1. What does the charge dipole of the chain about its Cα centre add up to, to the nearest 20 debye, if the Cβ of each Lys and Arg holds +1 and the Cβ of each Asp and Glu holds -1?
2. Using a probe of 1.4 angstrom, how much of the accessible area of the chain is carbon and sulfur, in percent?
3. Per residue, what accessible area does the chain have, given a 1.4 Å probe and all protein chains present, in Å²?
4. Can you tell me the dipole magnitude for the range 144-252 around its Cα centre, using point charges on the Cβ only (Lys, Arg +1; Asp, Glu -1), in Debye to the nearest 20?
5. How far is the Cα center of the range 126-185 from the Cα center of the range 222-293, in Å?
6. Taking the full set of protein chains and a 1.4 angstrom probe, give the accessible area of ARG141 in square angstrom, rounded to the nearest 10.
7. Taking the Cα-to-Cβ direction at VAL146 and at THR267 and moving 7 Å from each Cα, how far apart do the two end points lie in nm?
8. In µm²/s, what is D for the range 178-235 at 20 °C and 1.002 mPa s, where D = kT/(6 pi eta Rh) by Stokes-Einstein and Rh is the Kirkwood radius from Cα pairs?
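The values are calculated or read from the model by the stated rules, or taken from the named source; none is laboratory data. Treat the numbers as computed from the prediction; the structure is a model and nothing was measured. As a convention, Cβ positions derive from the backbone with ideal geometry for all residues, glycine included, and neighbour counts pool all protein chains shown. Quick note on the areas: whole protein, heavy atoms, side chains included, nothing else; ligands and nucleic acids left out. Shrake-Rupley method; radii C 1.70, N 1.55, O 1.52, S 1.80 Å.
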Amino acid sequence: MSKIISATASWNARKFFFQWEWLLAVIFLLIHLINSLISPWYFNMNTFLSAPMSFLDKAFIVLPMMMVIILGNIDISVASMVALTSVLMAVIFNAGIPMPLALVSALFIGTILGGINGLLLVKFRELPAMIVTLATMTIYRGAAYVILEDRAAGGFPPWFSFFSWGHVGPFPFIMIVFAAAAAVFGILLHKTGFGRIVYGMGSNRTACIYSGVKTGRVLVIVGLLTGLMSAVCAIFLTSRMGSTRPNVALGYELDVIAMVVLGGVSTSGGTGRIAGPILAVFIIGFLNYGLGLINVSAQVLLIILGLLLVLSVLVMNLRTDKRGKKTRMGRV
């Protein structure tokens, strides 16, 4: 009699409910509870729809940064790409180019900047991604200062503010765009062959190379996506501020990396799901919003964020050690 062997694992309730995303969901609910105690006017639909408008711009960079870290790399040039793209978009518009073309130019410029990062990583494989992106971070930010010096640029048309402050029905436009972008990146990462290659490279890049995977092309594509989303962030950030300066988006790279790591993506590469970083975006965003209600300083937020990151690293390491012990004991 022939036997049917199934490759599909049976559903395990313990494994399902002990996923990192459930802990993030609990933290998310606790933050809302604390914020409601801080302010009696916190729990209303206007809060939940308006608060994300102040922090979702940087969330666009979280999506490709997750791919970067799953690959085992890091990109600290994203904030400088935002600044340079924003500055060049303003300069192009003020030179007499229609705003729609300036927006398209911004997307193109950001994509090229990210592609340069990817090409440098391919060309100089012996250099860590941290060093490569540190160099481009300095170059891009320096270029923004050379172009505008300490001046501001703006004068955008009134309709441009719709990007960050406009609504489609009851929902903010930026929230709709972010939801669409998150869906696209979720499908790309979890449902396509490209996503499987990204995970494979993060787990064992050498094995991928010897298996014939074009790892250089993957690095360039991820770089292009990072640049594109940095440009999207630049558009929404500039729309929110109404003008731009060379020092915009300072510290964004650290916020974005913190959101990805808090979301359960391992800095050693090869693991992570898109749901975690998205939850982390709203955890940090609403935490910042709640502390702002009582005028708590940004330094306190940094301490709380640091504690959350330490907690996330400890829990993930404990889970990894536990799985490793089970494997060595022959249970897995």
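1. Values: 23 positive and 9 negative charges, 325 e Å.
Using Cβ point charges on Lys, Arg, Asp and Glu, the chain gives about 1560 debye.
2. Details: 11860 of 16980 Å².
Heavy-atom surface of the chain belonging to carbon and sulfur, 1.4 Å probe: 70 percent.
3. Values: 16980 Å² over 332 residues.
With the other protein chains kept in place, the chain gives 51 Å² per residue.
4. Values: 8 positive and 2 negative charges, 83 e Å.
My answer is approximately 400 debye.
5. Each part's Cα centre sits 10 Å from the other's.
6. The value for ARG141 is about 30 Å².
7. 3.2 nm
8. Details: Rh = 12.4 Å.
For these conditions, the coefficient is 173 µm²/s.
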